[in-house]
Amino acid sequence: MDDHVVQPLLARTADAVSEAIGRVRPDSAGADPVVRRSGHADFQSNAALALGRRLGVAPAALAGEIAGSVTGVRAEVSGPGFLNLTLPDRVIWEQVSARGGPRLGIGRPERGRKVVVDYSAPNIAKEMHVGHLRTTIIGDSLARVLGFLGADVVRQNHLGDWGTQFGMLIQHLWEHPGGSAVTALDDRYRAARAEFDADPAFAARARARVVALQAGEPETVAAWRGIVAESERAFRVLYDRLGVLLTPEDSVGESFYNPVLPDVVAELRAAGIAVDSDDAVVVFSQEVTGPEGAPVPLMVRKSDGGYGYDTTDLATIRHRIRELGAQRLVYVTDSRQALHFRLVFETARRAGWLTDDVTAEHVAYGTVLGPDGRPFKTRAGGAVRLSDLLDDAVARARAVVAEKNPGLDPAELDRIAEQAGIGAVKYADLSTSRAKDYAFNVERMVSFTGNTGVYLQYAHARICSILRGASGATAVADVPLEPAERALALALDGYGGVLAEVAETLEPHRLCGYLYDLARAFTGFYEACPVLRAAEPVRGNRLALCRLTARTLGHGLGLLGIAAPERM
Ligand code: ARG
């Protein structure tokens, strides 16, 4: 019951204009009413401009006709044929009340759609670094938004858990035992690589170890499993700290596909899509050409008989469509992999796996830059460890929060600083359009002002403190609406529309921008309209606006995977 879906006022107004068009020009029934938010009224319709031109009628005259017929909303013609549309105050108050349910009146438009979201996917035996931050955060937010809108979301953590490097690692581990933490594993990787490059005898033993691993030799397989498990434990520490949804069940790494790779190649070969090229097997693109017009190949089987990243992703797409029955496939990786996914999708289409009723999307993102505007590296030139970066953000957030709340007890301060620091990192990442690079600037991220996670958390906490102890937050409809109340109420009503946009474009920055605008609309309201000092029924209505704002901000932060503490 309280879970009912509330139609947004934008859609309701568009319907009203659409019906009016159908009445005054039955031949044009179904024409786009072109309704959007307006700076001059609640909404505006530009329908008469295109329609008038098409019908050979002066747009202003046509707009006048539509205005005369439209019901439920006040319509005024403006300029060359715009319609300014204003809703009755009571309709807006009713909308604020109607959104009081647990889902804020938002439906499940993605219901019945199975979506696979491939994200995070760090590599076993290496530490997670800043490069894995974006995929983990963006992918997690998309999984949350799509899930909230009713999609059947299948998370896939495509761990790099297979490959020839494991021969080298296991051999090194056996020849030099000791050391266990994953930092040690990371060091081990470097040491093994160095020995592999320097000592041909070790390299030969490592290669033999790969053969043993692939043949399923029990002791070798057990060693491999040990390395995977140890790495996964370290990833889990970071996942828990970041508060992402990924669970061990979501780990479906490269090794999972290993047994089916020969079959993938055989199927593509039988269909004439994969062809022999020297000793290798490749798929030549029909769409992408390289230098001198030569078709770009996808490597399906290497000349030594081995399989690599390309083949494994052909297996992922086949598996996710055929076995998992997904209608939408989302791969969240950095934009340097754009060509790889383009070729994989093209091949899957030619193979008949990827049909018109399935969409495959590469959610590409840019690079995280250091303060110097170059790709983020440590002073020594290495990859920045994710845990160091989070520690740094939390430490700065702690300082900022402590300064704002001198009396806070240390345990509470620690808790809030962790939420603020992690939230700041996530928000900074999610709020820039993902295709762009962005500079990692901790100072700016944890600022209480500007478009930051901390600003939004603080806005939320501030409203919670207004609501604490104040009772009676129900809106009654027959109270005149102040302009700042109106702006806030209309902003609140747009939440579901923004989520639908995020689901469509897979761009979380749209949700960030919305929440930032909402927080500012709240500030405008709070400055213009006293809440606790107002008399009833105005006070109750304003409290209802406060409550819906806090809930929408908290919910939106939740879909970004960011905590919304009630005190800050
Ligand atoms: N493990 C890869 C890396 O660290 C990312 C894998 C992304 N997913 C995929 N299906 N290719 O770059």
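The values are calculated or read from the model by the stated rules, or taken from the named source; none is laboratory data. For clarity, every value in this text was computed on a predicted model and none was experimentally measured. Heads up, the Cβs are rebuilt from the backbone with ideal geometry, glycines too, and the neighbour counts pull from every protein chain shown. SASA here: full protein model, heavy atoms, side chains in, ligands and nucleic acids out. Shrake-Rupley method; radii C 1.70, N 1.55, O 1.52, S 1.80 Å.
Enumerate the calculated ³J(HN,Hα) couplings along region 371-378 in order (Karplus 6.51 cos²θ - 1.76 cosθ + 1.60, θ = phi - 60°), each rounded to whole Hz, writing x wherever the residue is Gly or Pro. Couplings: x, 8, x, 9, x, 4, 9, 6 Hz. Annotation: amide H-H contacts under 5 Å for S277 (H modelled 1.01 Å from N, sequence separation of 5 or more, or interchain): V282.
For a protection proxy built on the mean count of beta-carbon atoms within 10 angstrom, sort 73-79, 342-348 highest first, please.
On the way: 73-79: 17.9, 342-348: 22.1.
Most protected by this proxy first, the peptides run 342-348, 73-79.
Using only the Cα atoms of the chain, build the gyration tensor, take square roots of its eigenvalues as a ≥ b ≥ c, and label the shape rounded, prolate or oblate: rounded if a/c is under 1.5, else prolate if a/b is larger than b/c, else oblate. Write down the numbers at each step before the final one.
Details: a/c = 2.77, a/b = 1.55, b/c = 1.79.
The shape class here is oblate.
When only alpha carbons are used to place a centre, region 536-563 and region 1-79 end up 30 Å from one another. Extension gain for R225-D276 works out to 14.9 nm (0.36 nm per residue, less the C-alpha to C-alpha distance). Note on surface exposure: S303, S120 rank S303, S120 by accessible area, highest first, 1.4 Å probe.
Note that region 337-475 presents 46 Å² accessible area per residue, ligands and nucleic acids not counted, probe 1.4 Å.
Among the GluC sites (Glu not before Pro) in region 93-191, which ones are in a DSSP loop with at most 16 other Cβ atoms within 10 Å of the Cβ? Mind listing them?
none
A simple spin-label model places the labels of L413 and D372 3.5 nm from each other, with each point 7 Å out along Cα-to-Cβ.
Rounded if a/c is under 1.5, else prolate if a/b beats b/c, else oblate: with a ≥ b ≥ c from the C-alpha gyration tensor eigenvalues square-rooted, which is region 431-508?
Details: a/c = 2.86, a/b = 1.52, b/c = 1.88.
Verdict is oblate for region 431-508.
Round to a whole number: what % of the accessible area of region 456-568 belongs to carbon and sulfur, probe 1.4 Å?
On the way: 2180 of 4230 Å².
C and S fraction of accessible area: 52 percent.
When W93, W224, W174 are compared by accessible area at a 1.4 angstrom probe, the order from most to least is W174, W224, W93.
What Kirkwood hydrodynamic radius, in Å, does region 118-179 give when the mean of 1/r is taken over all pairs of distinct Cα atoms and then inverted? In region 118-179 this quantity evaluates to 13.9 Å.
Kindly identify region 409-568 as rounded, prolate or oblate by the Cα gyration tensor criterion: order the square roots of the eigenvalues as a ≥ b ≥ c, call it rounded if a/c is under 1.5, otherwise compare a/b with b/c, prolate if a/b is larger, else oblate. Can you show the working numbers first?
On the way: a/c = 2.37, a/b = 1.44, b/c = 1.64.
Judged from the Cα gyration tensor, region 409-568 comes out oblate (a/c at least 1.5, b/c at or above a/b).
Here V24 and R567 are evaluated by their C-beta separation; at R0 = 51 Å the FRET efficiency comes out at 0.40.
Where both partners of a DSSP beta bridge lie in the chain, what percent of those bridges are antiparallel, to the nearest 5?
Values: 22 of 42 bridges.
Expressed as a percentage, antiparallel bridges in the chain total about 50.
Based on the inverse mean of 1/r over its pairs of different Cα atoms, what is the Kirkwood hydrodynamic radius of region 314-370, in Å?
Values: mean 1/r = 0.0843 Å⁻¹.
After inverting the pairwise mean of 1/r, the radius is 11.9 Å.
Each residue was assigned an accessible area with a 1.4 Å probe, and for H176 the value is about 80 Å². Packing, taken as the mean count of other beta carbons within 10 Å per residue, orders the peptides 472-479, 5-12 from highest to lowest as 5-12, 472-479. Using a simple spin-label model with pseudo-atoms 7 Å out from Cα toward Cβ, D32 and E361 lie 1.9 nm apart.
Each pair of Cα atoms in region 1-109 enters the Kirkwood radius, and Stokes-Einstein at 25 °C and 0.890 mPa s then converts it into a translational diffusion coefficient of 169 µm²/s. Here the Karplus relation 6.51 cos²θ - 1.76 cosθ + 1.60, evaluated at θ = phi - 60°, turns the backbone of region 322-331 into coupling constants of 6, 8, 8, x, 6, 9, 9, 10, 10, 10 Hz, with x for every Gly and Pro. Over region 84-139, the fraction of Cα-Cα pairs per 5 Å bin, rounded to whole percents and listed from the shortest bin up, is 4, 13, 12, 10, 10, 10, 10, 11, 9, 5, 4, 2, 1. With the simple spin-label model, which puts each label point 7 Å out from Cα in the Cβ direction, the R111 to A402 separation comes to 5.0 nm.
A Förster radius of 25 Å combined with the Cβ-Cβ distance from Q7 to A535 puts the calculated FRET efficiency at roughly 0.20. In this calculation the C-beta distance from K436 to Q327 is compared with R0 = 30 Å, giving a FRET efficiency of 0.55. Here the contact order of the chain, divided by its residue count and restricted to Cα pairs under 8 Å and six or more residues apart, works out to 14 percent. Relative to the dominant Cα principal axis of the chain, helix 59-69 is inclined by about 70°. Taking the longest Cα principal axis of the chain as reference, the axis of helix 131-148 is set at about 50 degrees.
Extension gain for V211 to E249 (0.36 nm times residue separation, less C-alpha to C-alpha distance): 10.9 nm.
L430 contributes about 0 Å² of solvent-accessible surface, heavy atoms of the protein only, 1.4 Å probe. The length gained by stretching the chain between D391 and A194 to full extension, at 0.36 nm per residue less their Cα-Cα distance, is 67.9 nm.
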